[in-house]
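Notes follow the structure.
The values are calculated or read from the model by the stated rules, or taken from the named source; none is laboratory data. Computed from a predicted structure; not experimentally measured. Glycine gets a Cβ as well: all are built from the backbone with ideal geometry, and neighbour counts include every protein chain shown. All accessible areas refer to the heavy atoms of the entire protein, side chains included, with ligands and DNA or RNA removed. Shrake-Rupley method; radii C 1.70, N 1.55, O 1.52, S 1.80 Å.
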Amino acid sequence: MTNASATKQASHDQRGRESRIPDSRPSAAVLWQIGRHLLRSLLVLFLITVFAFGLIWMVPGNPASTLAGEFPSPEEVAAVEAKLGLDDPIPVQYGRWVGNAAQGDLGESLRSGRSVTDEITSRLPVTLSLTLFAVVFGLLIALPLGTVAALRRNSAIDRLLTVGSTVGVATPSFFVGIILVITVALNTSVFPATGYVGPTENVGDWIRHCILPGLSLGLVLGAELTRQIRSALIEVMQSDYIRTARAKGISSQRVIAKHAYKNAAIPIVTILGAQIAALVGGTIVIEQIFAMPGIGGLAISAVRTQDIPVIQGIVLVVGALVLIINTLVDLSYAFLDPRTRQ
Amino acid sequence: MSSTDKPRAAEPAVDRWAVWQRSDAFEVPAPVSEGVETYRGGAFRQMVQRFMRERAAVAAVCALLLLTAAALAAPLLATHDPNAADFSAPLAGRSADHWLGTDQLGRDTFSRLLFAGRVSLLAAVQALGVALMIGVPLGLLAGYFRGKIDSIISAVADGIMALPALLLAVAIIGATGAGLTNAMIAVGVLFAPRFIRLIRATVISIRENAYIAAAVTAGTPPTRIMLRHVLPNALPPLLVQAAFTTGFAMLAEASLSFLGLGVQAPQASWGSMLNDGYANANRSSFLAIPPGVAIALTVLLFNVFGDGLRAAIGREERR
């Protein structure tokens, strides 16, 4: 907490003892803020459903005859039409699709006939594990490196890290993945090049399978985060309250740990939230490289066979998940920065 | 900005008049006082001058021009036919004949890299073109008219930006079918919101200027105001965003072609070459390196170019 907001907080407490009004105001502001974020998220969710539903209308020509496979008989076309309910007016189709989706029913795959919801839920843990490992690796790389670069600004090590992170940001994560396969996975048996084991089956195997793909995404994420953490810390370290804290004789480590990180947290969390969407996109390719049975593999096979219900389900589920993460990031500001509560 | 400019703007007019009165007027350079909004050609020249001081960015531009030239001159520079298979020498190492070795079908990697560069660069520019064609008009509309149009356009743009672009691109390709053109249209559509946001924000700040109010008062139609007054002023930040977007589009093309959803054989791009390298990783550890380095290097060059441009503009705005 900053010195400025600390004094504000204190004065609020004092006034609060005199009357209840100043205490109730911030919570109303927080409620309004939360309400606004939720409204905006609902709007985006609506757009996601429109986009996912609309995918079927992007299929060139008559969707039913294209989706029925190669050289379909009229009966097969009619069967697909009936299955997707393409005869009804579009608003009716949309309402039915959203209504079913809200109850957890995303329809059936046109190819395997399996429930789309089951397909997605069985594969979601893989993609989530991968994302988790990527974020952990990204932070493990970026927090120390970004801090060193910010504290030793314009030094040789700072310049080296700047060049390194610039190169890292430009490198495709799947190229990193291929290099890791060639250099590590094919030469050692510790980190397998393919496959996945769930954490409920064997935690050790889960970690071993997730390390290389997680690192592929985490290195690129870490490069971006290093830049952001560096600039966020540099800005914070130049502020008056840091100078005051130093003048009071507080040790450097304590200043950084207690004051600098806390105030740099907001830009860092913002960037991390913004990177989640890119990260989930990156998992599609990384899952292919490490042959992990995640959402990405499902999406690719569905795209190759034009299995529209599966694609629609994936867009909706992944879109909603990313949206939830972004909303949580927005709401976390209220906890990270007391000033936004006032 | 406009409030500080107005009183100063009167002074150089008097100075210039005094200079013109003198007989040696042509030998005396016209006094340009600082802080005065000069003709846009002048502002643009200043930006170029500042950009020239960004050494890394200038080097990046030169390298990008070289790369483009190499891609255009691929038929002249290639040592072999990029699609000629030589089954007697699959996955050959580097040699005087094959500078970067051969792939699994014995095709020359160096020649393929040149021709694939054409495809990758062109694809990135295609996506950029689509993004600009959608983003700039919508951004102008949203920023100039505000109100309901703005709310709708901004909400859709925010919605698209909040979602994984690659997943959406994969989904669109799933509906429209695989292929480089479809892939790049999808990528362009998904990158358009970046331009919508940028142009909208720039237009909103430019609209505050007195010369826009003057143009409105003079009865200039909105389209003319946007094209003659607003758009030229939005150009510098647009250039910065365009440089970064071209880099992102290259990464997107590489990802999609790697997944087999972009370029289709026998045509090759750096992304599909990387896929060949990956597929043969257990037999040749080198095959994946040239296309991977080519992608990373080109994206890096676009990013450095964009950083330099941003620095050149940043100083101008701070003045």
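Could you tell me whether the stretch B:193-204 includes any residue that is in a helix (DSSP H, G or I), open to solvent by less than 60 Å² (accessible area, probe 1.4 Å) and aromatic (F, W, Y)?
Looking for residues that are in a helix (DSSP H, G or I), open to solvent by less than 60 Å² (accessible area, probe 1.4 Å) and aromatic (F, W, Y), one finds at least one in the stretch B:193-204, hence yes.
Name the single residue, out of those in the stretch B:151-166 being open to solvent by less than 10 Å² (accessible area, probe 1.4 Å) and part of a helix (DSSP H, G or I), that is nearest to the other protein chains (Cβ to nearest Cβ).
Result: B:G159.
Hey, does the stretch B:119-128 have a residue that's in a helix (DSSP H, G or I) and either at the interface with chain A (Cβ under 8 Å from one of its Cβ atoms) or under 28 Å from A:I325 (Cα atoms) (or both)?
No, because not a single residue in the stretch B:119-128 is in a helix (DSSP H, G or I) and either at the interface with chain A (Cβ under 8 Å from one of its Cβ atoms) or under 28 Å from A:I325 (Cα atoms) (or both).
Can you pull out the residues in the stretch B:167-184 that are out of contact with any Leu (no Cβ under 8 Å at 6 or more places or on another chain) and either assigned to a helix (DSSP H, G or I) or not small (G, A, S) (or both)?
B:L167, B:T176, B:L180, B:T181, B:N182, B:M184 - these are the residues of the stretch B:167-184 that are out of contact with any Leu (no Cβ under 8 Å at 6 or more places or on another chain) and either assigned to a helix (DSSP H, G or I) or not small (G, A, S) (or both).
For the stretch A:30-76, give me the residue count where each residue is touching a residue at least 60 places away in the same chain (Cβ under 8 Å) and either open to solvent by 70 Å² or more (accessible area, probe 1.4 Å) or of a type in the set (A, V, I, L, M) (or both).
11
I need a count of the residues in the stretch B:66-116 that are in contact with a strand residue (DSSP E or B) (Cβ under 7 Å, 6 or more places away or on another chain) and in a helix (DSSP H, G or I).
Total meeting the criteria: 1.
Scanning for something open to solvent by 30 Å² or more (accessible area, probe 1.4 Å), assigned to a helix (DSSP H, G or I) and more than 17 Å from A:A52 (Cα to Cα), does the stretch A:98-108 turn up at least one residue?
no
When you go through A:I266, A:I286, A:I256 one by one, which is the residue that is more than 14 Å from the chain's Cα centre (by Cα), assigned to a helix (DSSP H, G or I) and closer than 14 Å to B:L259 by Cβ?
One residue alone meets the criteria, A:I286.
Taking the stretch A:197-255, which residues are closer than 28 Å to A:P125 by Cα and open to solvent by 50 Å² or more (accessible area, probe 1.4 Å)?
Once the filter is applied, which keeps residues that are closer than 28 Å to A:P125 by Cα and open to solvent by 50 Å² or more (accessible area, probe 1.4 Å), the stretch A:197-255 yields A:P199, A:T200, A:E201, A:N202, A:V203, A:I207, A:R208, A:L219.
Please tell me if A:I207 is in a helix (DSSP H, G or I) and without any contact (Cβ under 8 Å) to a residue 24 or more places away in the chain.
yes
Within the stretch B:249-276, which residues are touching a residue at least 24 places away in the same chain (Cβ under 8 Å), in a helix (DSSP H, G or I) and facing another protein chain (nearest Cβ under 8 Å)?
Hits for the stretch B:249-276 are B:L251, B:A254, B:S255.
Open to solvent by less than 50 Å² (accessible area, probe 1.4 Å) and outside any helix (DSSP H, G or I), is that true of B:L190?
In short, no.
Does B:I289 fit the bill of being among the aliphatic types (A, V, I, L, M) and open to solvent by less than 10 Å² (accessible area, probe 1.4 Å)?
So B:I289 does not fit the description; no.
With the checklist (1) in a helix (DSSP H, G or I); (2) farther than 30 Å from A:L225 by Cα in hand, flag the one item A:D87 doesn't pass.
Among (1) in a helix (DSSP H, G or I); (2) farther than 30 Å from A:L225 by Cα, A:D87 violates only (1).
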